[in-house]
1. Quick test of your reading of the structure: Leu36 fulfils all but one of (1) assigned to a loop (DSSP other than H, G, I, E, B); (2) open to solvent by 30 Å² or more (accessible area, probe 1.4 Å); (3) not basic (Lys, Arg). Name the failing condition by number.
2. If the requirement is being within 23 Å of Ile158 (Cα to Cα), touching a residue at least 40 places away in the same chain (Cβ under 8 Å), in contact with a Phe, Trp or Tyr (Cβ under 9 Å, 6 or more places away or on another chain) and part of a loop (DSSP other than H, G, I, E, B), which of these qualifies: Leu10, Leu76, Leu85?
3. Tally up the residues in the stretch 57-74 that are surrounded by 12 or more Cβ atoms within 10 Å (Cβ to Cβ), farther than 15 Å from Arg44 by Cα and not aliphatic (A, V, I, L, M), please.
4. If only one of Ala1, Ala78 is hydrophobic (A, V, I, L, M, F, W, C), over 30 Å from Leu127 (Cβ atoms) and open to solvent by 50 Å² or more (accessible area, probe 1.4 Å), which one is it?
5. Go through the stretch 28-48 and give me each residue that's touching a helix residue (DSSP H, G or I) at 6+ places or on another chain (Cβ under 7 Å) and more than 14 Å from Leu62 (Cα to Cα).
6. For Arg44, which of the numbered conditions (1) closer than 21 Å to Phe153 by Cα; (2) assigned to a helix (DSSP H, G or I); (3) of a type in the set (Lys, Arg) fails to hold?
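The values are calculated or read from the model by the stated rules, or taken from the named source; none is laboratory data. Because the structure is a prediction, the values reported are computed rather than measured. A quick note on method: Cβ atoms are made from the backbone with ideal geometry, for glycine too, and the neighbour counts reach across all protein chains shown. We work out accessible area using only protein heavy atoms, side chains counted, and drop any ligands, DNA or RNA first. Shrake-Rupley method; radii C 1.70, N 1.55, O 1.52, S 1.80 Å.
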Amino acid sequence: ASLRREGGTLDAEAWLKLPDALRAPVLDAWMHALGLDHPPDASRAELERQAACATSDSLPTLAWANTEIRIWDGRLHAMPPLTALPEAWQSQWNGAPLALPGDCGMLSLEAISASNGVHHPGVDPPLTVRFRRGGERIKPAGDPHTRELRDLFRQARIAPWLRARCPAIYENDELI
């Protein structure tokens, strides 16, 4: 439990510092708690090697039966394999709940509390939702300049494999 970090991740450096006899049971207990398959011995050895050699700009990924472990930000991130996103997917959106493709979830608006009750926001005219294609720029609220979306993702410490899965919302071809 002391090696677990936010988002159900595992501290890679602390895990590697465990005695050899504890490393496998700790990894297996963590994987079991996440409902994932533990790695075969060869994958476990490769995971240790990759975790020991991972640099801040690398993104090692190991996969086996219905499980992936990604090493990023000094942590092990375990998950079911991500589904491929449909190329060039986009959809018009009017604010109603929108099912995103693959394992990307649902896009919906939240009601805003106002002094005179609850306001349910709508969208008029419809917006366009799509996934990143690269090179997107956005002008954050309160910021006089546009910023590259990739830089904002980095600053926010969004995991690289999730960045492409974040829906981008456009109004008249402008990322909002």
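1. The single condition Leu36 does not satisfy is (2).
2. Working: Leu10 fails: part of a loop (DSSP other than H, G, I, E, B); Leu76 fails: part of a loop (DSSP other than H, G, I, E, B).
Among Leu10, Leu76, Leu85, only Leu85 is within 23 Å of Ile158 (Cα to Cα), touching a residue at least 40 places away in the same chain (Cβ under 8 Å), in contact with a Phe, Trp or Tyr (Cβ under 9 Å, 6 or more places away or on another chain) and part of a loop (DSSP other than H, G, I, E, B).
3. We begin by selecting, within the stretch 57-74, every residue surrounded by 12 or more Cβ atoms within 10 Å (Cβ to Cβ); these are 59-64, 67-74.
Checking which are farther than 15 Å from Arg44 by Cα leaves us with 59, 72-74.
Applying the additional criterion that residues be not aliphatic (A, V, I, L, M) yields 72-74.
Going through the stretch 57-74 one residue at a time, the tally reaches 3.
4. Values: Ala78 fails: open to solvent by 50 Å² or more (accessible area, probe 1.4 Å).
Of Ala1, Ala78, the one residue that is hydrophobic (A, V, I, L, M, F, W, C), over 30 Å from Leu127 (Cβ atoms) and open to solvent by 50 Å² or more (accessible area, probe 1.4 Å) is Ala1.
5. The answer is Leu34, and nothing else.
6. Among (1) closer than 21 Å to Phe153 by Cα; (2) assigned to a helix (DSSP H, G or I); (3) of a type in the set (Lys, Arg), the lone unmet condition for Arg44 is (1).
Okay, residues lined up against (1) in contact (Cβ under 8 Å) with a residue 12 or more places away in the chain; (2) open to solvent by 40 Å² or more (accessible area, probe 1.4 Å); (3) out of contact with any Pro (no Cβ under 6 Å at 6 or more places or on another chain):
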| site | (1), (2), (3) |
| --- | --- |
| Phe131 | yes, no, yes |
| Gly135 | yes, yes, yes |
| Glu148 | yes, yes, yes |
| Phe153 | yes, no, yes |
| Arg157 | yes, yes, yes |
| Leu162 | no, yes, yes |
| Ala168 | yes, no, yes |
| Ile176 | yes, yes, yes |
